[in-house]
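Asker: Quick one: the structure is below, and I'll ask about it shortly.
The values are calculated or read from the model by the stated rules, or taken from the named source; none is laboratory data. Since the model is a prediction, treat every value here as computed from it, not as a measurement. For neighbour counting, all protein chains shown are included, and Cβ atoms are generated from backbone atoms with ideal geometry for every residue, glycine included. Only protein heavy atoms, including side chains, enter the accessible area calculation; ligands, DNA and RNA are left aside. Shrake-Rupley method; radii C 1.70, N 1.55, O 1.52, S 1.80 Å.
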Amino acid sequence: MHRLLHKTALAKIVLLVLVALCLVGTGPFSLRSTASAAQLEPRKLKMSNSTQGLQNVSYDLQFDVGTSGLVGSISIEFCSNSPLFGEVCDVPTGMDVSGATIATQSGLTGFTISSANTTPNRLVITRPPAGATAGTVSHYIFNGIQNPDDAGSLFARLVTYASSDTSGPSTDDGGLALVIIGAFGLNAEVPPYLTFCLGESISGLDCTTATEDFSDLGNLIPTATSAAQTQIIIATNASNGYSMWVAGTSMTSGNNVIPAMAGGPATPGTAQFGMNLRANTTPGIGQDATGPGFAAVAPNYGVANQFRYNSGDTIASAPQPDDYRKYTVSYVVNVAPNQPGGVYSTTLTYTALANF
């Protein structure tokens, strides 16, 4: 193993996290972050009739504006595979919104159907860009829509734009889920699910973008804190939500141990290992939980610049069904000037349990 020489004892630290994770850094750790538009919430979409293939159906849409600013167009895109903005949209077979008309509108008003931007599965309404205030309740009823031919799930992606033609960056967005039932009154069932993925970095809310599961903290010196991160995404429709916890030892090399923190700041020169799930400034790493879900970080791991580690601790939970939620777990490691040299490692196991 490569080793640097220093007047004080140095330790090569390798933090290995299983169940999708390993930490290995060789110097200053590179941070990446994601940003998303505000959510249009609360939001709801109702159909006057959800029978497959039915024509001249009315769709009743209501949402609260998320961001104050200009709104010139609103897109309602219907997909058969996912409600998530930015993912590839599978066009529902037989669905046609191109002949829709606006029956009523309130809140943000003055809209007409944009024939230039509307397609069979994407309804766009337009107006000259005008101001909107966050929290404004907007309500629209659209007539003349044809339902998809196939029974099953139907998703809608609701997006607002400052421009009048959906060009340029979006302002706010939100996903909606509906069910198309069979013409003979077939019952639809939503199966239970728990989505859980983990990696050093995940783009947006897409588990398929999770990066490598290994990071190296490299050679540490007692005058500086070394840090790394893991990102985790969880979602479930479990009636009682979920719990996520972490288990494993602190950093060890043979009989030498870097003590786990009981709670407090990262202090260079003091041997310590800890984590939290917040955006920190000392050191500058991590971010607060993001996504449309409402699950909460456990209090012991939810204070910026305060770190701890105790095997078996619950680090996040939701008491009810919860939409996608992305957590960033930040790790800090410090060594004392007399820290014995060696290769230090730990294995951490993250577990998420849905409560049906």
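Asker: Every residue in segment 104-129 that is within 22 Å of PRO92 (Cβ to Cβ) and either touching a Gly at 6+ places or on another chain (Cβ under 7 Å) or in a strand (DSSP E or B) (or both), please.
Answerer: Matches in segment 104-129: ILE113, THR119, ARG122, LEU123, VAL124, ILE125.
Asker: Here's something else I'd like to know. Just give me the residues in segment 140-163 being under 13 Å from ARG122 (Cα atoms) and open to solvent by 30 Å² or more (accessible area, probe 1.4 Å), in sequence order.
Answerer: GLN146, PHE155
Asker: Right, another one. Test of understanding: among LEU70, LEU40, which residue is of a type in the set (A, V, I, L, M), under 23 Å from SER164 (Cα atoms), touching a residue at least 12 places away in the same chain (Cβ under 8 Å) and surrounded by 19 or more Cβ atoms within 10 Å (Cβ to Cβ)?
Answerer: Criteria check complete, one pass: LEU40.
Asker: Here's something else I'd like to know. Kindly indicate whether SER80 is more than 30 Å from ASP206 (Cα to Cα) and either open to solvent by 50 Å² or more (accessible area, probe 1.4 Å) or without any contact (Cβ under 8 Å) to a residue 40 or more places away in the chain (or both).
Answerer: Spelling it out, it is not the case that SER80 is more than 30 Å from ASP206 (Cα to Cα) and either open to solvent by 50 Å² or more (accessible area, probe 1.4 Å) or without any contact (Cβ under 8 Å) to a residue 40 or more places away in the chain (or both).
Asker: Right, here's the next one. Sort through PHE273, PHE294 and tell me the only one that's surrounded by fewer than 18 Cβ atoms within 10 Å (Cβ to Cβ) and of a type in the set (Phe, Trp, Tyr).
Answerer: Of PHE273, PHE294, the one residue that is surrounded by fewer than 18 Cβ atoms within 10 Å (Cβ to Cβ) and of a type in the set (Phe, Trp, Tyr) is PHE294.
Asker: Can you pull out every residue in segment 249-263 that is out of contact with any strand residue (DSSP E or B) (no Cβ under 7 Å at 6 or more places or on another chain) and either of a type in the set (Gly, Ala, Ser) or buried (at least 21 other Cβ atoms within 10 Å of the Cβ) (or both)?
Answerer: GLY254, the sole residue that qualifies.
Asker: Name the one entry in THR112, THR118, THR93, THR104 that is under 23 Å from ALA177 (Cβ atoms), surrounded by fewer than 17 Cβ atoms within 10 Å (Cβ to Cβ), of a type in the set (Ser, Thr, Tyr) and modelled with pLDDT of 95 or more.
Answerer: Every option except THR93 fails the conditions.
Asker: Follow-up question, since we're still on this one. Which residues, taken from segment 191-242, are β-branched (Val, Ile, Thr), within 23 Å of THR314 (Cα to Cα) and either assigned to a strand (DSSP E or B) or open to solvent by 10 Å² or more (accessible area, probe 1.4 Å) (or both)?
Answerer: THR195, THR230, ILE232, ILE233, ILE234, THR236 - these are the residues of segment 191-242 that are β-branched (Val, Ile, Thr), within 23 Å of THR314 (Cα to Cα) and either assigned to a strand (DSSP E or B) or open to solvent by 10 Å² or more (accessible area, probe 1.4 Å) (or both).
Asker: Any residue at all in segment 177-185 that's closer than 20 Å to THR93 by Cα, crowded, with 22+ Cβ neighbours inside 10 Å and either modelled with pLDDT of 95 or more or not charged (D, E, K, R) (or both)?
Answerer: Scanning segment 177-185, I find at least one residue that is closer than 20 Å to THR93 by Cα, crowded, with 22+ Cβ neighbours inside 10 Å and either modelled with pLDDT of 95 or more or not charged (D, E, K, R) (or both), so the answer is yes.
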